[in-house]
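Taking it in order: structure first as structure tokens, then the write-up.
The values are calculated or read from the model by the stated rules, or taken from the named source; none is laboratory data. Given the structure is predicted, the values throughout are model-derived calculations rather than measurements. We place every Cβ from the backbone using ideal geometry, glycine too, and count neighbours over all the protein chains shown.
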Amino acid sequence: MHGCSVAHALLRYTDSNQRGIRIIDPHREPLDAWNRRVEQCGMRFLRSPGAHSIEPDFTSLVSWARREGWDLARHTVDPYARPSVPLFRAHASSRIDESGLRRCWVRTRATSILRRRGRWTILLADGRLLDGRNVILAVGQSDRLRMPRWCIRAPRDTVSHIFDPDFSLERARVARAPVVVGAGTSAVHLALRLAERPRGRRGALPFTPVRLISRTPLRVYQFDSDPCYIGPACMTDYLALRKPEERRAILETARQPGSIPPDLAHELESAVGEGTIEWIDDTIVDAREAPGSAVDLLGSDPRPRIYRSDLVVCATGFVRTPPAEALLQSIMDSSPGVWPTDQLGYPIPDSSLQWGQGLYLTGALAEQELGPSAPNIIGAQNAAKRIVAHLNGAPREIPTAWRRYASASVSSSSDCC
Ligand SMILES: Cc1cc2nc3c(=O)[nH]c(=O)nc-3n(C[C@H](O)[C@H](O)[C@H](O)COP(=O)(O)OP(=O)(O)OC[C@H]3O[C@@H](n4cnc5c(N)ncnc54)[C@H](O)[C@@H]3O)c2cc1C
């Protein structure tokens, strides 16, 4: 999402063309990682407003949808005209086609990045080298799946993680007694999709409602990060903070990971009322093999309960570490100097999002400078504005909403690089 959004902005608002930009990613095509995760949890509508898309223009998605004849009553939901997944995807795909971004695609992984003679050399997993004046790191969150400790004692094939590349919602729909562990948006979307599964073939286990097990109560918030930090209203004070630990404290409090928006909470409530989902407030402490290729999960609270299941899906997120640590390390090793990081190891880029000369960051990697919304879709737009403004020397002819927040000088960060 971030790599494509920034590349799209470079093609649109700078003199760069498709010959001058390379997008390195092991996936088949743009937005594959996003599409796969959204499919795996069965999400139908985005959590973010229709104003947030792969385009910086806040009206782009809705006006494109109107022009293309999409039924907005069916493909957006209140509040904030949040788009359906098919609409968001179709709009992104059309913008990507229009900018010719696919021609920049290099399908492999970057294994290390080195500073050589004032340029950046990228070593690719297929053995090739790429050389560039500017590099933008848009590597997403840490891709290490967070699995509860008891999973190692469960028999193979009975437990998986919702974002494991091998997890398939379609295959999960044949489970007779599925358990979803977690209480965030991905857990609730998945439980709702599994609740619609057909009763299907007979099996060793009785057909049960989907059991959604969480050790924390449901937390309901419209957004997963405080929208005040998208623009100057809160970002001015955030950027006035000089100490990385003060910014880190805001990053912790202005985000609501593992929360769900109110409409999803209502859907869940209805499914619980209809008996297709059982909401269980419990902490799983152990797992052991059960007859019929099943697993018994042992709960702990308030009296020990056993949940027998033929499929347990952990929607427990990702391990919280700075993403792409090996790439960051290769950069630091190849060019000794000052590479500022915060107490958790996240880089501290300057106001133009450079961590080193010509080395720009976006997404979670740039959260010290971009603030709480850094990993979101709008974080990619805010990053693109700063990077493009810096590369251009001054912002070019751009939409109003962009211009308001385009100036890199809005930041008071010290120049670290
Ligand atoms: C199910 C789900 C729903 C979400 N819904 C919303 C929403 O409605 N609104 C919103 O604002 N946000 C949402 N988010 C959060 C956020 O927008 C997404 O996670 C988004 O995909 C983040 O974009 P990204 O580019 O930072 O990361 P990713 O989409 O994960 O992309 C990172 C890319 O970097 C590649 N990469 C990593 N390391 C290397 C390497 N060494 N070499 C080459 N390539 C590499 C990966 O293969 C991947 O393709 C959602 C997240 C999830 C998981």
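With respect to the numbered conditions (1) over 23 Å from the mean Cα position of the chain (by Cα); (2) in the same structural domain as residue 280 (by TED's automatic domain parsing), which one is the sole condition not fulfilled by residue 242?
Condition (2) is where residue 242 drops out.
For residue 190, state whether it is surrounded by 20 or more Cβ atoms within 10 Å (Cβ to Cβ), over 20 Å from residue 20 (Cα atoms) and touching a residue at least 40 places away in the same chain (Cβ under 8 Å).
Yes; evaluated as a whole, the condition is true for this residue.
Criterion first (farther than 19 Å from residue 384 by Cα, away from the ligand (no atom under 13 Å from the Cβ) and touching a helix residue (DSSP H, G or I) at 6+ places or on another chain (Cβ under 7 Å)) does residue 95 satisfy it?
Spelling it out, it is not the case that residue 95 is farther than 19 Å from residue 384 by Cα, away from the ligand (no atom under 13 Å from the Cβ) and touching a helix residue (DSSP H, G or I) at 6+ places or on another chain (Cβ under 7 Å).
At least 1 residues that are touching a His at 6+ places or on another chain (Cβ under 6 Å) in each: list the strands (runs of 3 or more DSSP E) lying fully within the stretch 271-320 that qualify.
311-314
Kindly provide the set of residues from the stretch 1-34 that are of a type in the set (Asp, Glu) and closer than 17 Å to residue 94 by Cα, ordered by number.
The answer is 29, 32.
Quick one: is residue 184 within 12 Å of the ligand (Cβ to nearest atom) and touching a residue at least 40 places away in the same chain (Cβ under 8 Å)?
When the stated conditions are applied, residue 184 passes them.
Being more than 9 Å from the ligand (Cβ to nearest atom), in contact with a strand residue (DSSP E or B) (Cβ under 9 Å, 6 or more places away or on another chain) and over 13 Å from residue 96 (Cβ atoms) is the filter here; which residues of the stretch 29-53 pass it?
Residues satisfying the conditions are 44, 50.
For residue 158, work out the one condition from (1) touching a Gly at 6+ places or on another chain (Cβ under 8 Å); (2) in contact (Cβ under 8 Å) with a residue 40 or more places away in the chain; (3) not small (Gly, Ala, Ser) it doesn't fulfil.
Going through (1) touching a Gly at 6+ places or on another chain (Cβ under 8 Å); (2) in contact (Cβ under 8 Å) with a residue 40 or more places away in the chain; (3) not small (Gly, Ala, Ser) one by one, residue 158 breaks only (1).
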